[in-house]
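Structure record follows, encoded as structure tokens.
The values are calculated or read from the model by the stated rules, or taken from the named source; none is laboratory data. None of the values given here were measured: they were computed from a predicted structure. Ideal geometry is used to build each Cβ from the backbone, glycine not excepted, and the neighbour counts take in all protein chains shown.
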Amino acid sequence: MKPLVIANPLSRRGRTGARWPEIEARLRNSLDTFDLAFTREAGHAIALAREAVRGGCRHLIAVGGDGTMNEVANGMAQGGGGLPPADAVLSPIPSGTGSDTARMLGLLEDPVRPYTALVAGASRRIDLIRVRCAGLDGKPVERLALVCASFGAAAEISHRTSASPMLKALGGRFSYYAHTLAVTLTYGRHPVAMAHDAEPAERCDVYTGLICNQERAGGGMRLAPGADPRDGELDLVLFGGIRRRDILLRGPRWLYEGRHVEHPQVSLRRIRRLAVDGPAEMLVDLDGETVGRLPLEAEALPAALTLRA
């Protein structure tokens with residue numbers, strides 16, 4: 001079957017739609033033929049990818065950012081009975097505010113490279129994160145993540161950023177910084193019960209937790225130094241009893257450089273499974289999208305998705 005291109009015209013604050021003639025020309029220069037579908041709303045890419053996989057399509061191309069990649073991967077899994085089919089391939093065409101999977105694959109260094117990789121690129125299998133949590137409506141939610149799952153302050157920042165179209169119009173990074181400042185000044189630590197792998201449950205106060213599949217997330221921040229999406233493990237970064245002034249005085253630079261893990265109140269450990277129970281006001285975010293609240297369960301799915309890049 002022909003490849004299916006799923007494009008989010010609103011990604012990168014609408015620039016994908018504005019640049020579509022250029023993007024389409026590059027796609028047609030690389031591919032003899034393809035089907036095309038534009039997303040209309042949140043969750044639409046999931047439905048498009050699900051139906052495509054059920055119909056036999058085995059090469060899906062996501063034009064957008066990490067959110068678009070996330071939805072297409074989840075749709076592939078739903079169409080494949082819980083995991084993307086082993087013979088299905090996902091290709092990213094980065095055109096989003098955050099494109100960390102494309103960055104991990106080296107696709108941001110040359111604007112032409114993502115298009116040539118559609119036919120000449122090597123295929124590689126990466127791990128996924130499976131998360132189960134309480135949905136915003138209270139119903140159970142099960143979703144996959146490619147980059148990172150977060151709970152607590154990081155998820156709150158992402159939620160507020162997405163819900164502020166006026167600030168987002170000024171720039172994705174500006175909006176993120178503004179909400180980081182607001183959350184840092186007001187968001188406190190929360191008591192949680194947490195258990196990973198075969199270890200006994202522990203109770204602790206947590207400001208935020210990040211369950212990372214890749215080293216960089218949130219638009220290039222080096223949140224989990226050394227994380228490898230092909231090692232079958234997840235990297236858990238916990239901000240515990242960290243003081244607000246420690247976050248504010250250091251600014252965002254220490255996150256982009258990965259130096260936050262040197263702080264005594266920040267821990268980094270490698271895990272395969274995690275269960276977290278805590279107050280329902282602690283939101284859960286996957287690849288930049290708010291999907292629910294605590295409690296959550298997360299597990300690594302080794303070599304679950306094939307990327308071509």
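Just one residue in the set E289, E233 is at pLDDT 95 or above and on the phi < 0 side of the Ramachandran plot; that residue is E233. Taken over segment 265-298, the criterion of being assigned to a strand (DSSP E or B), in contact with a Cys (Cβ under 9 Å, 6 or more places away or on another chain), of a type in the set (D, E, K, R) and buried (at least 16 other Cβ atoms within 10 Å of the Cβ) is satisfied by D285, R293. The strands (runs of 3 or more DSSP E) found wholly in segment 179-226 and carrying at least 3 residues that are surrounded by fewer than 18 Cβ atoms within 10 Å (Cβ to Cβ), modelled with pLDDT of 90 or more and not aromatic (F, W, Y) occupy 190-196, 202-206. Candidates in segment 98-134 are the residues that are closer than 19 Å to V291 by Cα and of a type in the set (V, I, T); of these, the one that is surrounded by the fewest Cβ atoms within 10 Å (Cβ to Cβ) is V131. Among the residues of segment 132-157, those identified as over 12 Å from the mean Cα position of the chain (by Cα) and in contact (Cβ under 8 Å) with a residue 40 or more places away in the chain are R132, C133, A134, G135, L136, V141, F151, G152, A153, A154, E156. Screening D137 with (1) surrounded by 21 or more Cβ atoms within 10 Å (Cβ to Cβ); (2) more than 18 Å from L83 (Cα to Cα); (3) not aliphatic (A, V, I, L, M) gives one miss only, at (1). Report the residue count in segment 227-264 for those that are in contact with a helix residue (DSSP H, G or I) (Cβ under 8 Å, 6 or more places away or on another chain), in a helix (DSSP H, G or I), without any contact (Cβ under 8 Å) to a residue 40 or more places away in the chain and buried (at least 17 other Cβ atoms within 10 Å of the Cβ). Qualifying residue count for the region: 2.
Quick check on H59: is it free of Cβ contacts under 8 Å to residues at least 40 places away in the same chain and either of a type outside the set (D, E, K, R) or outside the structural domain of G98 (by TED's automatic domain parsing) (or both)?
On the way: free of Cβ contacts under 8 Å to residues at least 40 places away in the same chain: no; either of a type outside the set (D, E, K, R) or outside the structural domain of G98 (by TED's automatic domain parsing) (or both): yes.
No.
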